[in-house]
Ligand code: ADP
């Protein structure tokens, strides 16, 4: 990009697991900034299937071919994380109308926390838009094929984890809302 201060973007998410939809947003977003920092959120309230370390490892492995991408774990207010990283924009992906309400509210509140950091929304390739981590886990739990939604390495990791957890463990992973316990 241009001279002067490098433009830094933060793309936050849970990435449990990283999907082809996320990767498409990362590829598109990486072209808009000098440096794209993928912020992997702890998000214990979502009872992730993979630990924070595992998710960071997955995102690093899957984005290793993109020159200007860094992966950082965070357990803080998103706006504080973005400020700490020196970011001038927060990148989010928009899928359907269903995402809109939540994203709209979050962007609005973040704007009030720090109006100098813009939230920028990108759309993934049309074919990748329906992909959601939650559904990937649900499909894997019932033995369905997830290979169209994630990379081969992630598909193998998800299958192994679901098999190891058995039904009760994987159920906790797809019904996180009311439990809040363990992973
Ligand atoms: P979070 O817990 O913050 O929603 P996710 O890992 O589910 O984290 O998603 C991170 C971001 O990626 C969100 O902005 C989400 O809307 C976006 N995203 C996820 N899947 C897709 C997809 N298939 N197409 C476009 N954006 C997506």
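Since every read-out is calculated from the coordinates, none of them should be taken as a lab result. These numbers come from a predicted model, not from an experiment. Note that each Cβ is placed from the backbone with ideal geometry, even for glycine, and that neighbours are counted across all protein chains shown.
Does a label point 7 Å from the Cα of residue 66, set along Cα-to-beta-carbon, have any residues of segment 14-39 with amide nitrogen under 14 Å, and which are they?
In segment 14-39, the label zone of residue 66 (backbone N under 14 Å from the point 7 Å along Cα→Cβ) covers 14-15, 18-39.
Can you report the principal axis dimensions of segment 8-129 using only the alpha carbons, biggest first, rounded to whole angstrom?
The principal-axis extents, from largest down, are 34, 32, 31 Å.
Compare the peptides 17-25, 130-138, 118-126 by average per-residue count of other Cβ atoms within 10 angstrom and give them in order, highest first. Could the numbers behind the result be given before it?
Numbers: 17-25: 23.0, 130-138: 18.7, 118-126: 14.7.
Listed from highest to lowest mean packing, they are 17-25, 130-138, 118-126.
Counting only helical runs of four or more DSSP H residues, what would the 222 nm mean residue ellipticity of the chain come to if each run contributes -39,500 (n - 2.57) and the total is spread over all its residues?
-13500 deg cm²/dmol
What is the gain in length, in nm to one decimal, between residue 96 and residue 51 on full extension, counting 0.36 nm per residue of separation less the C-alpha to C-alpha distance? Mind dumping the intermediate values first?
Numbers: separation 45, 0.36 × 45 = 16.20 nm, distance 2.77 nm.
Contour length minus the Cα-Cα distance gives 13.4 nm.
If you average the C-alpha positions of segment 122-166 and of segment 29-85 separately, how far apart do those two centres end up, in angstrom?
Each part reduced to its Cα centre gives a spacing of 19 Å.
Helix 97-113 sits at what angle to the longest principal axis of the chain, using alpha carbons and giving 0 to 90 degrees rounded to 10?
40 degrees
Under a plain spin-label model, where a point goes 7 Å from the Cα along Cα-to-Cβ, how far apart in nm are residue 125 and residue 145?
1.8 nm
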